[in-house]
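Novice: Starting off with a structure, shown below.
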Amino acid sequence: METYTGHCHCGAVEFTAKADLEHTSVCNCSHCQMKGLIMAFIPKEDFTLIKGKDNLTIYHFNKKAIDHKFCKVCGVEPFSTSENWPKMMINVRCLDGVDIDSLTPEKVNGKDY
């Protein structure tokens, strides 16, 4: 487990997250596919929002079980949460210093969420 810094594209939203990038996922739902998300799931207590709470807005779709949080300024989704799950999703593409090409994400079926 390593601590990473991350942000949206414009920098209006910044955070830190403790994550194990040996375990990442890509999802086949329409939302994740269109956005090209590479996800890491972490306990909520391993996440700290540094700045940008007022720059975040939420998108819901399908069963509306997940709060897809994205920056109102640039539109990038750096993370999402759900009241129903103990973990949250971090968009690995938003983490600083990560070699995306070195990751081996697991494919998951998210079409039911």
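The values are calculated or read from the model by the stated rules, or taken from the named source; none is laboratory data. Computed from a predicted model, the values in this text were never measured in an experiment. Neighbour counts are summed over all protein chains in view; Cβ atoms, including those assigned to glycine, are modelled from backbone coordinates with ideal geometry. For the accessible areas, the whole protein counts, side chains as well, though only heavy atoms, and no ligand, DNA or RNA atoms are used. Shrake-Rupley method; radii C 1.70, N 1.55, O 1.52, S 1.80 Å.
Here's the yes/no breakdown for (1) surrounded by fewer than 20 Cβ atoms within 10 Å (Cβ to Cβ); (2) of a type outside the set (Ser, Thr, Tyr):
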{"residue": "Thr5", "(1), (2)": "yes, no"}
{"residue": "His9", "(1), (2)": "yes, yes"}
{"residue": "Val13", "(1), (2)": "no, yes"}
{"residue": "Asp20", "(1), (2)": "yes, yes"}
{"residue": "Cys32", "(1), (2)": "no, yes"}
{"residue": "Ile38", "(1), (2)": "no, yes"}
{"residue": "Phe41", "(1), (2)": "yes, yes"}
{"residue": "Lys44", "(1), (2)": "yes, yes"}
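Novice: Quick check on my filter: what residues within segment 58-98 are polar (S, T, N, Q), in a loop (DSSP other than H, G, I, E, B) and surrounded by 14 or more Cβ atoms within 10 Å (Cβ to Cβ)?
Specialist: Of all residues in segment 58-98, those polar (S, T, N, Q) come to 62, 80-82, 84, 91.
Of the ones still in play, those that are also in a loop (DSSP other than H, G, I, E, B) are 62, 82, 84.
Residue satisfying the conditions is Ser82 alone.
Novice: Can I ask one more? For residues that are under 12 Å from the mean Cα position of the chain (by Cα) and part of a strand (DSSP E or B), tally how many sit in segment 28-54.
Specialist: Residues flagged as under 12 Å from the mean Cα position of the chain (by Cα) and part of a strand (DSSP E or B) within segment 28-54 amount to 5.
Novice: Which one is farthest from Gly110 (Cα to Cα), of the residues in segment 46-57 that are open to solvent by 70 Å² or more (accessible area, probe 1.4 Å) and among the β-branched types (Val, Ile, Thr)?
Specialist: Step by step, filter segment 46-57, then rank; the result is Ile50.
Novice: So which pairs qualify, if the first residue must be in segment 89-104 and within 13 Å of Ser25 (Cα to Cα) and at pLDDT 95 or above, the second must be of a type in the set (Ser, Thr, Tyr) and open to solvent by less than 30 Å² (accessible area, probe 1.4 Å), the Cβ gap must be under 6 Å, and the two must be at least 6 apart or on different chains?
Specialist: Going by the 6 Å Cβ cut-off, the qualifying pairs are Met89/Ser80; Val92/Thr24; Leu103/Thr24.
Novice: Separate question: Please indicate, with yes or no, whether at least one residue in segment 61-68 is within 11 Å of the chain's Cα centre (by Cα), farther than 18 Å from Thr5 by Cα and not aliphatic (A, V, I, L, M).
Specialist: The answer is yes, given that some residue of segment 61-68 is within 11 Å of the chain's Cα centre (by Cα), farther than 18 Å from Thr5 by Cα and not aliphatic (A, V, I, L, M).
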